[in-house]
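**Student:** Got a structure for you, written out below as structure tokens; questions coming shortly.
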Amino acid sequence: MALGVAFAVCFVTGLLSHLIQHPPAWFWWPSRPAGLYRVTQGLHVATGLACLPLLGVKLWAVYPRLFTWPPVRTIAHAAERAGVAVLVAAALFQVVSGTLNIYHVYAPMPFFFTTGHYWVAWLAIGALLVHVGVQLPVVRSALRRRPAPNAEAPDKAADAPGATAAPDATAAPDATAAWGRRALLTGVAAAAGLITLGTVGQTVRPLTGVSALAPRRPGRGPQGLPVNKTAAAAGIVADPGYRLVLGGPAGERRLDLAALNSLPQHTAELPIACVEGWSSTGRWTGVRLRDLVTLAGGDPERATVLVESLQAGGRYRSTLVPAVHVRDPLTLIALRLGGEVLHPDHGYPARLIAPNRPGVLQTKWVGRISVR
Ligand SMILES: Nc1nc2c(c(=O)[nH]1)N[C@H]1C(S)=C(S)[C@@H](COP(=O)(O)O)O[C@H]1N2
Ligand SMILES: [Mo]
């Protein structure tokens, strides 16, 4: 049950993250609450990590059944076993690839992580639905049946005076029998709890101190924020001749830093919430994107905006900002973080910061803004 719940939450939050990054025409994602994505993606990574021990124990518990003889009895049995094979392979692929991704270990993944992780999620959830459907009668009777007092811990029951340690011939071969239900459940709950506590501090700030396994820590990094891509890695060198190119219905204009600083400045407390599950709040100051839209001759209530980085390549060099986020007064082209001029690794001279968006869409080193 715990594995099923964790898997379902992980699937739904992952799908949501995918839709926000690749929105189809029918999809709409609000700009408020500002920290919602931080919660949904935090849940995605936390439930995914909790699946490591849950899935491990599930596989260990059913392990003998994966190797029954004869392997196939009927055509229906063969189809069911093929479904289970897909489920096991896809589920393992998801938890392993997701974990490798948050620790930035890409060597064992000779494919683009995001694409693989997205498509195999559909395989896993499809195979899971088929599996649960096929096993529904078993699930139903198991949930209805109240365990007999002694069924809780077979080894204890065997020690009780007068009890005979006769093996239960009706029970399916099941590795959990050797352990006792309670010991097993306590063990897996402890493992899942430790993994969660050990990592969730990457986004739940009060737990940062106990999260020894967290790949990133909020508050840690230049100007108190973690950095994924440094300026050096992106090939960005500070250019004293910097001009922000602003294009729109009123034509194209170039704004140097003095011009940007002379526009009305606003401050917003907003998190960077990375798809990898870490997040950290900053106090950003800069120009409202909607003010730049007005300056470019666009309609700040309806315009969408393409934001492009000075970075020459890379998957995250540009983003399309939908109208809800453009019109939100919290959406800034930030020039400062915590009152200081942006650190080069945080996107100096200017970066996009918008409420309720994944980190990958918070473009750094902004060079061009096109109002549509
Ligand atoms: N131009 C550009 N902007 C970018 C990226 C990038 O690779 N290139 N990485 C993004 C990602 S994945 C995240 S999580 C945030 C991280 O911001 P930080 O490194 O300033 O904390 O920046 C985003 N902005
Ligand atoms: Mo990210």
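**Student:** Among the DSSP beta bridges whose two residues both lie in the chain, what percent are antiparallel, rounded to the nearest 5? Provide the component values of the computation, followed by the final result.
**Tutor:** Numbers: 32 of 36 bridges.
Given both bridge residues lie in the chain, the antiparallel proportion sits at roughly 90 percent.
**Student:** Right, here's the next one. Sort 221-228, 303-310, 42-49 for me by packing, meaning the mean count of neighbouring Cβ atoms within 10 Å per residue, highest on top. If you can, show how the numbers build up before the last one.
**Tutor:** Working: 221-228: 17.8, 303-310: 20.9, 42-49: 22.9.
Final packing ranking: 42-49, 303-310, 221-228.
**Student:** Moving on. Please compute P(r) over all alpha-carbon pairs of the chain, binned at 10 Å starting from zero, and give each bin as a whole-number percent.
**Tutor:** 5, 20, 26, 19, 13, 9, 6, 2, 0, 0
**Student:** Then there is this: Once fully extended, how much extra length lies between Met1 and Trp69, figured as 0.36 nm per residue of separation less the alpha-carbon to alpha-carbon distance? Mind showing how you got there, number by number?
**Tutor:** Numbers: separation 68, 0.36 × 68 = 24.48 nm, distance 2.77 nm.
Separation in residues times 0.36 nm, less the Cα-Cα distance, equals 21.7 nm.
**Student:** Another question about this same structure. Roughly speaking, what is the centre-to-centre gap between the range 209-273 and the range 308-322 when only Cα atoms are used, to the nearest Å?
**Tutor:** 13 Å
**Student:** Given labels modelled 7 Å from the Cα in the Cβ direction, how far is it in nm from His104 to Leu136?
**Tutor:** 4.7 nm
**Student:** In square angstrom, rounded to the nearest 10, how much accessible surface does Leu263 have for a 1.4 Å probe?
**Tutor:** 40 Å²
**Student:** Please work out whether the range 222-371 counts as rounded, prolate or oblate from its C-alpha gyration tensor, where a ≥ b ≥ c are the square roots of the eigenvalues and a/c under 1.5 means rounded, while otherwise a/b larger than b/c means prolate and anything else oblate?
**Tutor:** Values: a/c = 1.44, a/b = 1.25, b/c = 1.15.
Verdict is rounded for the range 222-371.
**Student:** Separation of the range 24-71 and the range 90-123 by C-alpha centroid, Å?
**Tutor:** One Cα centre to the other: 12 Å.
**Student:** Once you mark the chymotrypsin sites (Phe, Trp or Tyr not before Pro) that are in a DSSP loop and have at most 13 other Cβ atoms within 10 Å, what is the longest gap between them in the chain? Provide the component values of the computation, followed by the final result.
**Tutor:** Values: sites that count: Trp26, Phe27, Trp28, Phe67, Tyr103, Tyr106, Phe111, Phe112.
Result, exposed sites excluded: 113-372.
**Student:** Working from Cα positions, state the angle (0 to 90°, nearest 10) between the long axis of helix 36-66 and the longest principal axis of the chain.
**Tutor:** That works out to roughly 20 degrees.
**Student:** Another question, if that's okay. At 0.36 nm per residue, and after removing the present C-alpha to C-alpha distance, how many nm does the segment from Leu19 to Leu143 gain when stretched out fully? Working shown, then result.
**Tutor:** On the way: separation 124, 0.36 × 124 = 44.64 nm, distance 3.48 nm.
Length gained, Leu19 through Leu143: 41.2 nm.
**Student:** Leaving out ligands and nucleic acids, note down the accessible area per residue over the range 1-135 with a 1.4 angstrom probe, in whole Å².
**Tutor:** Values: 7360 Å² over 135 residues.
Per residue, the range 1-135 has an accessible area of 55 Å².
**Student:** Also, quick follow-up: Taking only Cα atoms and a 10 Å spring cutoff, compute GNM fluctuations for the chain and point out the largest among Pro71, Pro215, Pro271.
**Tutor:** Result for the chain, Cα springs under 10 Å: Pro71 fluctuates most.
**Student:** State the percentage of accessible surface on the range 226-323 attributable to carbon and sulfur atoms; use a 1.4 Å probe and exclude ligands, DNA and RNA.
**Tutor:** 51 percent
The values are calculated or read from the model by the stated rules, or taken from the named source; none is laboratory data. Fair warning: this is a prediction, and the values are worked out from it, not measured in the lab. Note that each Cβ is placed from the backbone with ideal geometry, even for glycine, and that neighbours are counted across all protein chains shown. Surface areas here come from the heavy atoms of the whole protein model, side chains and all, with no ligands, DNA or RNA. Shrake-Rupley method; radii C 1.70, N 1.55, O 1.52, S 1.80 Å.
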